[in-house]
Amino acid sequence: MQRFLRTIRTDWPRLIIELFVVVAGISISFALDEWRRDREDRREERRHWTAIGENLTADSAYLAKRCVQLERIVSAYNGLLSGGPPDSLDSYMDQAISYAVFTPTQTAYHELEQLAGSRLIRNRALLSELTSLYNREYIRTAEWDGINRNFILDRFIPYLDETAPFVEGTGGAEQATGMSAVYRSVQKRDQFRNLVRTNKIFKDAQLSVYRAALKRAVAIRQQIRAELAGTVAQERTDRSGR
């Protein structure tokens, strides 16, 4: 024991230096490991945001097309209620028995959901915006999709089947043909006009919901682009500072 104490008294500068070197080595090792993990985390975070951005780009394009489709359908209802031009009646009636649906791409979002409580996702405000899009706007589009689909399949088409005369279709195009004769047979009936009016109201509501979802999806896509640009810029700054 005395020898140990004597060694400490005589060699304490060397021992302190050795201790400092050991502590510094451990600290540097921990710091490097943390730096590597942080880089991996940022890389993984960018991968998820990039995938979400691609999904929202696809969703936005799809929603935009569906909005155009719904606008045509609503215009057709106006034409049916006002007794539009005879050469458009086939098209109007075809639109009247149509419905639009939107199916969002959710794979990347579900993957991101798994990281919702993780330190990987730093921009919590953007994550909250995205969650609201999927759990509010997209849910509302699905609700109105169901309302319109059920109305067409359960009420409008059965009414025409039961009330209108049989019409032999012609041609092989996707659009229903011979429907102008169906329209002329029921155009003055209150039930038909009520169904068209209700259908128009439902489609107007669906179009409004689609537009809101499209606007939100585009806005979040822009925020994700800004987030990715900021992350890349920060990484370049970190590299240049090392």
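The values are calculated or read from the model by the stated rules, or taken from the named source; none is laboratory data. Only a predicted model underlies this, so the values are computations on that prediction, with no experimental measurement involved. Cβ: placed from backbone, ideal geometry, glycine included. Neighbour counts: every protein chain shown. Each accessible area value is taken on the protein alone, full model and side chains, heavy atoms only, with ligands, DNA and RNA left out. Shrake-Rupley method; radii C 1.70, N 1.55, O 1.52, S 1.80 Å.
Within region 133-150, the residues that satisfy the criterion of being in contact (Cβ under 8 Å) with a residue 60 or more places away in the chain and open to solvent by less than 20 Å² (accessible area, probe 1.4 Å) are Leu133, Tyr138, Thr141, Asp145. The set of residues in region 34-54 that are more than 13 Å from Ile121 (Cα to Cα), without any contact (Cβ under 8 Å) to a residue 24 or more places away in the chain and among the acidic types (Asp, Glu) contains only Glu34. Look at (1) open to solvent by less than 90 Å² (accessible area, probe 1.4 Å); (2) of a type in the set (A, V, I, L, M, F, W, C); (3) part of a helix (DSSP H, G or I); (4) modelled with pLDDT under 95 and you find that Leu63 fails only one, number (4). Applying the set (1) modelled with pLDDT of 90 or more; (2) part of a helix (DSSP H, G or I); (3) touching a Phe, Trp or Tyr at 6+ places or on another chain (Cβ under 8 Å) to Leu89 leaves exactly one unmet item: (1).
One line per residue, one yes/no per condition, for (1) modelled with pLDDT of 95 or more; (2) crowded, with 18+ Cβ neighbours inside 10 Å:
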{"site": "Lys188", "(1), (2)": "no, no"}
{"site": "Lys200", "(1), (2)": "yes, yes"}
{"site": "Ala205", "(1), (2)": "yes, no"}
{"site": "Ala212", "(1), (2)": "yes, no"}
{"site": "Arg216", "(1), (2)": "yes, yes"}
{"site": "Ile220", "(1), (2)": "yes, yes"}
